[in-house]
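Structure first, then comments.
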Amino acid sequence: MPEKTVAGKGSDRTVEVPVEARLKMLHYMKLVREIEDRIERKLYRQGKIVGGVYVGRGQEAISVGTAIHMVKDDVVAPSHRDMGVFLMRGVTPRRIIAQYMGRAAGLTKGRDGNMHMGDMDYNVIAFVSHLADNVPVSAGVALAFKMRGEKLVCLCYHGEGATSRGDWHEGINLASVHKLPVVYFINNNSYAYSTPTSLQYAIEDVASRAEGYGMPWEVADGNDIIAVYGAAKRAIDRARAGGGPSLVEYKTFRMTGHSAHDDAGYVPPELFEEWKRRDPIVRFENALIEEEAITPARIEEMQRECVAIIDDAVDWAEQQPYPDPADVTKGVYYDEG
Amino acid sequence: MALTTYIDAIREGIWEEMEKDERVFILGEDVGIYGGAFKVTKGMLDHFGENRVIDTPISESAIVGAAIGAALVGMRPVAEMQFIDFISCAFDQIVNFAAKCRYRWGAGVPIVVRGPCGGGVHGGPFHSQNVESYFFNVPGLKIVCPSTAYDAKGLIKAAIRDPDPVLYFEHKYLYRRIKEELPAEDFVVPIGKAQLRREGDDLSIITYGAMTYTALEAAGELEKEGVSVEVLDLRSILPIDEDAILETARKTSKVIVLHEATLTGGPGGEVVARIAEKAFEHLDGPIVRIAPPDTPVPYSPPLEEAFLPQVNDIVAKARELAAY
């Protein structure tokens, strides 16, 4: 049985978050929103991004409030709405924009697009479209940590839709049986493409499936970064201390279509209205102002800083060359040269 | 010197690599306490401990997925499929994750996925398959199919040391039937290099795996009739040794391509195509494919015998080809 099971609806805000960490999280949430707005609402519409665009608008608290706990050698396997992971791991906005534009300076050098990027120099494993594939892969990373006696943790992200795939169940079970230092985050944004959660699973909290695997689990409000931070901290601390894996479900809402071409006409408009009032960035800004941790003027300044960073990234990326067609066959296998 | 069986050669190869390199570990179903369904991993749990010999749930996709994850952070996992037929459950992890990481984002995935393949032991449709054709069209993978104990050991070592994902298909019919004296010193067999098993002048049989022995037996029969047959054992089919294929085709001008995978879409078609493209002017007859018919592998002995290419089938086809 799990040593500790905390089931709830995620309003546990008792965790202590240092002011420095709060301000860092606000900066990164704003930077995520700015880079994704620029990608989806400008570069994509200008035809400068030719492939699919998937953003995590309204879900910024999840990647930022979890990845902030990583130490240098931890490894992370993000999914396609976890931009904050890349930025917090130190991947530059310049290379991210270049990645979206299919330039040679992108993380995949034009071999893959959008959020399908990774780099083991940053300990970020690239996502594949086949959902939940990263669940057993993350268990394997954690297996290596355990075998080598390292106090490291692997963080793995996916949506609620991925929990329906067999790989999810195989990976969660393997991680639990071998008590591996991995934390699984479910970014439950209420829709998998057009499919609502009611057609995805027949339980209230999909994370409660952890019970069947003997794994601790928790549900938290994904639009409240303090709740996100706290739930992640509890799970990551447990994994790092040898307590095994955990499953954390963050309830949130996808404030867009599945991708830039999808108008989300299947989503009742009142849901967008309701969740707009819970915007994680506005909510956090108001809380910080109320606590006098930041001034409205500083927030405006922070916004200008983010805009400047992304302006620079776009300018830089647009000057980068496309990959050389002569390289199309290179790098399939290890090349000693 | 004692003779080493094909199965012991595999075990010794893994064992020696685990002794030499602490990054190497094994995982799979029943590989630890039980020592593997065929005992390839026998004794490893006692010797190397449960940290490096990992019994897993029945989850082929998670076995391969976990191997990939461990490899991404510097380990050298050797994943066992209890029967290679079950590799289909891990197809997605192999073709979409392992095979594409290096090309997409420059991350090497040095894993070995190995397991017993092949028929002749009345295993029926789910314990007899040859699965190489499923993976032959996947850039980023390497595929090896050893036929001798020497190659079994040399190729498992090469596979473990290889920086890319290698599928290692060991033929269960050969496990305890094939034995030979092996060098005491460390050796590897390079991936992608074929080996002539018999030299001849009139006709070439290009094959791999257990069919190598069927080809050699047929060659012996044909020799009595005055037909000199060359037998090329591919050993690796991805990458495939095109130079060796073209060399034997140009030498004898008549080629039979033989394998135990079913005919349509099998690796033999690729061998035929390369000869037709690059050695056409050297040919003195049609290139002949011999392979099982396009059916599942049947269970009952007379059906399985009818399914698997037999010495007589090869001799008959070779006579026709030799007459050109």
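The values are calculated or read from the model by the stated rules, or taken from the named source; none is laboratory data. Since the model is a prediction, treat every value here as computed from it, not as a measurement. Please note: Cβ atoms are built from the backbone with ideal geometry, for glycine as well, and neighbour counts cover all protein chains shown.
Output yes when any residue across region B:209-217 is over 25 Å from B:HIS127 (Cα atoms), touching a residue at least 40 places away in the same chain (Cβ under 8 Å) and in a strand (DSSP E or B), and no when none is.
no
Filter region B:173-213 for residues that are surrounded by 23 or more Cβ atoms within 10 Å (Cβ to Cβ) and polar (S, T, N, Q) and give the result.
Across region B:173-213, the qualifying residues are B:SER204, B:THR207, B:THR212.
Out of (1) closer than 30 Å to A:GLY331 by Cβ; (2) within 14 Å of another protein chain (Cβ to nearest Cβ), the odd one out for B:ASN130 is which?
The number of the failed condition is (2).
As an exercise: evaluate B:SER147 against (1) touching a Pro at 6+ places or on another chain (Cβ under 9 Å); (2) of a type in the set (S, T, N, Q); (3) more than 10 Å from chain A (Cβ to nearest Cβ) and give the number of the one condition it does not meet.
(1)
Can you go through A:GLY113, A:GLY90, A:GLY52, A:GLY47 and tell me which one is of a type outside the set (A, V, I, L, M, F, W, C) and closer than 29 Å to A:ILE226 by Cα?
A:GLY90
Quick check on my filter: what residues within region A:123-172 are facing chain B (nearest Cβ under 7 Å), closer than 23 Å to B:GLU29 by Cβ and within 16 Å of the chain's Cα centre (by Cα)?
A:ASP133, A:SER138
Considering only residues of region B:30-40 that are without any contact (Cβ under 8 Å) to a residue 24 or more places away in the chain and out of contact with any Ser or Thr (no Cβ under 6 Å at 6 or more places or on another chain), which is surrounded by the fewest Cβ atoms within 10 Å (Cβ to Cβ)?
Applying the filter and picking the extreme gives B:ILE33.
When you look at B:PRO183, is it farther than 20 Å from B:TYR6 by Cα and of a type outside the set (A, V, I, L, M), yes or no?
No; evaluated as a whole, the condition is false for this residue.
Hey, can you tell me all the residues within region B:41-83 that are within 16 Å of A:ASP167 (Cα to Cα) and buried (at least 21 other Cβ atoms within 10 Å of the Cβ)?
Answer for region B:41-83, where residues must be within 16 Å of A:ASP167 (Cα to Cα) and buried (at least 21 other Cβ atoms within 10 Å of the Cβ): B:THR56, B:SER59, B:GLU60, B:SER61, B:ALA62, B:ILE63, B:VAL64, B:GLY65, B:ALA66, B:ALA67, B:ILE68, B:GLY69.
Could you please let me know if A:ILE39 is surrounded by 24 or more Cβ atoms within 10 Å (Cβ to Cβ) and in contact (Cβ under 8 Å) with a residue 60 or more places away in the chain?
For A:ILE39, the condition - surrounded by 24 or more Cβ atoms within 10 Å (Cβ to Cβ) and in contact (Cβ under 8 Å) with a residue 60 or more places away in the chain - is met.
Tell me whether region B:121-130 contains one or more residues that are among the aromatic types (Phe, Trp, Tyr) and surrounded by fewer than 23 Cβ atoms within 10 Å (Cβ to Cβ).
Yes, region B:121-130 contains a residue that is among the aromatic types (Phe, Trp, Tyr) and surrounded by fewer than 23 Cβ atoms within 10 Å (Cβ to Cβ).
Please verify whether B:PRO163 is within 14 Å of another protein chain (Cβ to nearest Cβ), closer than 20 Å to B:GLU270 by Cα and touching a residue at least 24 places away in the same chain (Cβ under 8 Å), treating the condition exactly as stated.
no
Being buried (at least 24 other Cβ atoms within 10 Å of the Cβ) and in contact with a Ser or Thr (Cβ under 7 Å, 6 or more places away or on another chain) narrows it down to one of A:ALA61, A:ALA67, A:ALA77, so name that one.
Testing whether each residue is buried (at least 24 other Cβ atoms within 10 Å of the Cβ) and in contact with a Ser or Thr (Cβ under 7 Å, 6 or more places away or on another chain) leaves just A:ALA77.
Please tell me if A:VAL128 is at pLDDT 95 or above and under 25 Å from B:GLU50 (Cα atoms).
no
Can you pull out the residues in region A:139-172 that are part of a loop (DSSP other than H, G, I, E, B) and of a type in the set (Lys, Arg)?
A:ARG148, A:LYS151, A:ARG165
Got a number for residues in region B:84-98 being buried (at least 24 other Cβ atoms within 10 Å of the Cβ) and within 25 Å of A:ASP74 (Cα to Cα)?
Number of matching residues: 4.
Of a type outside the set (Lys, Arg), in the same structural domain as B:VAL271 (by TED's automatic domain parsing), in contact (Cβ under 8 Å) with a residue 40 or more places away in the chain and not in a strand (DSSP E or B): which single residue out of B:ASP186, B:ASP201 fits that description?
Residue meeting the stated conditions: B:ASP201.
Can you find even one residue in region A:215-228 that is over 21 Å from the mean Cα position of the chain (by Cα), in contact (Cβ under 8 Å) with a residue 60 or more places away in the chain and closer than 19 Å to A:VAL153 by Cα?
There is at least one residue in region A:215-228 that is over 21 Å from the mean Cα position of the chain (by Cα), in contact (Cβ under 8 Å) with a residue 60 or more places away in the chain and closer than 19 Å to A:VAL153 by Cα.
Out of the residues in region A:159-206 meeting the condition of being in contact (Cβ under 8 Å) with a residue 40 or more places away in the chain and among the acidic types (Asp, Glu), tell me which one is nearest to A:HIS80 (Cα to Cα).
A:GLU160
Out of B:PRO239, B:PRO165, report the one residue that is farther than 29 Å from B:ALA323 by Cα, surrounded by fewer than 17 Cβ atoms within 10 Å (Cβ to Cβ) and out of contact with any Asp or Glu (no Cβ under 6 Å at 6 or more places or on another chain).
Testing whether each residue is farther than 29 Å from B:ALA323 by Cα, surrounded by fewer than 17 Cβ atoms within 10 Å (Cβ to Cβ) and out of contact with any Asp or Glu (no Cβ under 6 Å at 6 or more places or on another chain) leaves just B:PRO239.
So which of A:ALA98, A:ALA104 is hydrophobic (A, V, I, L, M, F, W, C), on the phi < 0 side of the Ramachandran plot, part of a helix (DSSP H, G or I) and modelled with pLDDT of 95 or more?
When all the criteria are applied, what remains is A:ALA98.
Being buried (at least 17 other Cβ atoms within 10 Å of the Cβ) and within 14 Å of another protein chain (Cβ to nearest Cβ) is the filter here, so list the residues in region A:286-337 that pass it.
Hits for region A:286-337 are A:PRO323, A:TYR333.
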